[in-house]
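Below is one structure, written out as structure tokens, with a few remarks after it.
The values are calculated or read from the model by the stated rules, or taken from the named source; none is laboratory data. Remember, predicted model here, so these are calculated numbers, not experimental data. Cβ placement follows ideal geometry from the backbone for every residue including glycine, while neighbour counts extend to all protein chains displayed.
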Amino acid sequence: MVMTLVSIRKSWLCCAAAFSLVSAGSAIAQEHSYAPSDIENGRGLYQANCLGCHGNNGDSVEGANLGSGRFRRASSDEDLIALIRTGIPETLMIPRPQFSYGDLRALVAFLRSMQTGGALTAQDAEEVEIGDAKKGEELFFGSAECSSCHGVNGGGTRLHPDLAGIGSQRSAAILQQSILDPRAVVREGQRFYQVKTNDGNVVAGKVMNRDTHSVQLLNEQEQLVSFRENEISEQGFIPTPMPAYLDVLSSDDVADLVAYMLSLTTPEQK
């Protein structure tokens, strides 16, 4: 069959249009492909800074459903980063100049993940065994010694997060992982750091602030200490001091602890 010039041109345009759509789709997929660690760090930032207004599913503010994937004032990730950093005048969306670019990228990664499952990751959806919450509470404050670090509406230490409301913020699978392998995912606000000063003094603690000029830590005595960059000979992140219970607790004990932590919900969700 002989093709006319018009039909050849139409065919070429269709191929070009198809290629354009594939290319655009690939670009969007690439932009919206994020590391699980970024999404987890973003989750922690969201819970600490955004949850109070936007809610668990990002739909608590009228006209701003963060889980829809559509933002009236931003179309790209960079637009979202700029919006979060500068805020929106005359609204409760205040500027966040304290966030690093990495923090903002992580927060955007989490917001994008909300489109694909109500802010759930694949790990969130994993089924795990849930035991007896009462037995889990006894373990938490007893032989497992969780309360020596973590408080529940008080108690514990300032080096480790208070777990009141944790059942509203984490899935059963994430809670199980935090018990069995706490080093697998460490949220940005819970990272530990070690500094060696020029005179040989070694200090470790939770990072409170770190920039090009100084480092501030909450040390093991729960005191805030600060070091100027020119005072430091060595520095770096260190593993979380939280022990792994993989070979310490039975599967039933882990299931009971998960059940107890899931029971620690915010009052309005009980």
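Return yes or no: is D181 within 23 Å of G142 (Cα to Cα), of a type in the set (D, E) and within 18 Å of the chain's Cα centre (by Cα)?
yes
Looking at this structure, is S68 of a type outside the set (A, V, I, L, M), assigned by TED's automatic domain parsing to the domain that holds L107, over 13 Å from L107 (Cβ atoms) and modelled with pLDDT of 75 or more?
no
Only one residue in N209, N219, N230, N198 is modelled with pLDDT under 90 and either among the polar types (S, T, N, Q) or more than 23 Å from the chain's Cα centre (by Cα) (or both), so which one is that?
Exactly one residue qualifies, and that residue is N209.
With the requirement that a residue be farther than 30 Å from S251 by Cβ and among the aliphatic types (A, V, I, L, M), what does the stretch 178-198 give you?
V195
Going through the stretch 99-116 one residue at a time, which ones are surrounded by fewer than 21 Cβ atoms within 10 Å (Cβ to Cβ) and farther than 16 Å from D79 by Cα?
Within the stretch 99-116, Q115, T116 meet the criteria.
Exactly one of these conditions fails for S75: (1) out of contact with any helix residue (DSSP H, G or I) (no Cβ under 9 Å at 6 or more places or on another chain); (2) modelled with pLDDT under 75. Give me its number.
(2)
What number goes with the only condition from (1) over 28 Å from Q177 (Cβ atoms); (2) surrounded by fewer than 14 Cβ atoms within 10 Å (Cβ to Cβ); (3) modelled with pLDDT of 75 or more that R96 does not pass?
(2)
Any residue at all in the stretch 206-215 that's among the hydrophobic types (A, V, I, L, M, F, W, C) and closer than 22 Å to C146 by Cβ?
no
Could you list, in sequence order, all residues of the stretch 111-147 that are at pLDDT 90 or above and not in a loop (DSSP other than H, G, I, E, B)?
The answer is A133, K134, K135, G136, E137, E138, L139, F140, F141, C146, S147.
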